[in-house]
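Take a look at the structure set out below.
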């Protein structure tokens, strides 16, 4: 079939809208701030206000994968298994309550900063790996969703659409950094909300669509089989706690204009996630009561599992007028680009600062760091594009996003924020053991074989025991136990000082002080509860250090 020219034109219009907003934000930034530093590009000068902040924080999770994946699972397994919107909503609320204030008040630049400062730069570089994979998986899910949508409605090759979309997102991110990301997020959420809600009345009133309230339990709400309770709880815990330690989230937290705003943005975004999931839930419910034989749909009926990721674009294409379908598709396309930019910027920020600068080039200039960021944006964009083209299930990618982050990063972040006595030995052992037990459970999507068959395992369903949560608990326990043991052994001189090879307990030049790359001493006065701002005083020993707090 030929490409749908009117639809292609409408998509180009949406693409240009996002691109122009991104470039406008970049130009506005340069005019206002002059020559940008790497920190300014990463955090938008820590000047994101409440209005833009709520939009960009909500867009942390609301993207193409969120929109398409929610509809996919309403049809595939029912509302009872539509966990991601609610799990991530709780994650944002908990992140705001337990982590936002502590991270923002310390003036960190990336999520990995406290980890690098506490456990060492090389350990911070090691922790970058699961953070990077999470961002790539998330970007791939977003791009995969777009390819599915365009292939259905426009008969456009999904590979081409994914590549073009990724290129546009990368292009304006290079120029505007977080400012461009934040302002395009505003457009993204407006497009999603308006575009999908416009399509729903038309879909509801189509002659092929039945009443979603009739036999709802059997059609789209469904019930939870007790056999899968362990898997169900595992998935929710993964989404809730695995939804916190993300650079794409903390980038918004750390860019908030005040400490108080950092908390408020998190709470508001949690509510926003639920609100933004409603159109996708309704579209999925509509698809379950549709007689596809009464439409122009020429595919297999009932729709096979491998095509469930196409549910949302199929509803737009066959149950709404063509013009409405184009508006709905445009909203998804805008969401995809505006979400992909966040992930590539987050990954590049962590690499350029926590790996390149702190591990390899402590004396790197600002110009050098900026160029490393730009190169990394290209590399991450390419990796996400390749995975988005090759992996089929959007929702599977969505869960994979949080797997390694949940098992490896959450215990580390929790310990470094709340437990000052943990050390590098515990961090490394916890990292290794958590990763081992998670990978030993297997992962069919990545062709990782099952090494450990946890309780209730069977060949048909796979792992039914909450082994991901178990792996996280093993990781957390390992950090605590090995930190306690090594602290005891070294401080009581049971082990000689020279055995402290990581130089994190007794064999340090300045025991109890930050490492040399963080030698600036930041003295924080208590936060002003009326404004939420910190009142910092500084005494730097190295001008290259970027881990300083900002007076707002």
Exercise. May I ask for the distance between the Cα centers of the range 158-226 and the range 54-87, given as a whole number of Å?
Key: 9
Quiz item: Highest mean first, what order results for 378-386, 356-364 on Cβ atoms within 10 Å?
Solution: 378-386, 356-364
Quiz item: What relative contact order, as a whole-number percentage, does the chain give when Cα pairs under 8 Å and 6 or more residues apart are counted?
Solution: 27
Exercise. Using the number of other C-beta atoms within 10 angstrom as an exposure proxy, rank 154, 126, 345 with the fewest first.
Key: 126, 154, 345
Quiz item: Using the count of nearby Cβ atoms within 10 Å as a rough guide to exposure, how do 303, 67 rank from fewest to most?
Solution: 303, 67
Quiz item: Can you give the angle from 0 to 90° between the axis of helix 259-288 and the longest principal axis of the chain, with both taken from C-alpha atoms, to the nearest 10?
Solution: 30
Self-check item: Exposure proxy ranking, count of Cβ atoms within 10 Å, fewest first, for 448, 494
Solution: 494, 448
Quiz item: What angle do you read, to the nearest 10 degrees and between 0 and 90, between the alpha-carbon axis of helix 229-242 and the longest principal axis of the chain?
Solution: 60
Exercise. Starting from the Cα-Cα distance between residue 440 and residue 159, subtract it from 0.36 nm times their residue separation and give me the gain in nm to one decimal.
Key: 97.9 nm
Self-check item: Expected 222 nm ellipticity per residue - DSSP helices of 4 or more, -39500 (n - 2.57), all of the chain, to 500
Solution: -21000 deg cm²/dmol
Quiz item: In degrees from 0 to 90, rounded to the nearest 10, what is the angle of the helix 5-33 Cα long axis to the longest principal axis of the chain?
Solution: 20
Quiz prompt | Rounded if a/c under 1.5, otherwise prolate or oblate - the range 5-388, Cα gyration tensor axes | solution = prolate
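Any read-out appearing in this document is the output of simple, stated calculations on the displayed coordinates, not a laboratory observation. Computed from a prediction, not measured in an experiment: that's the story for all the values here. Neighbour counts run over all protein chains shown; Cβ positions are idealised from the backbone, glycine included.
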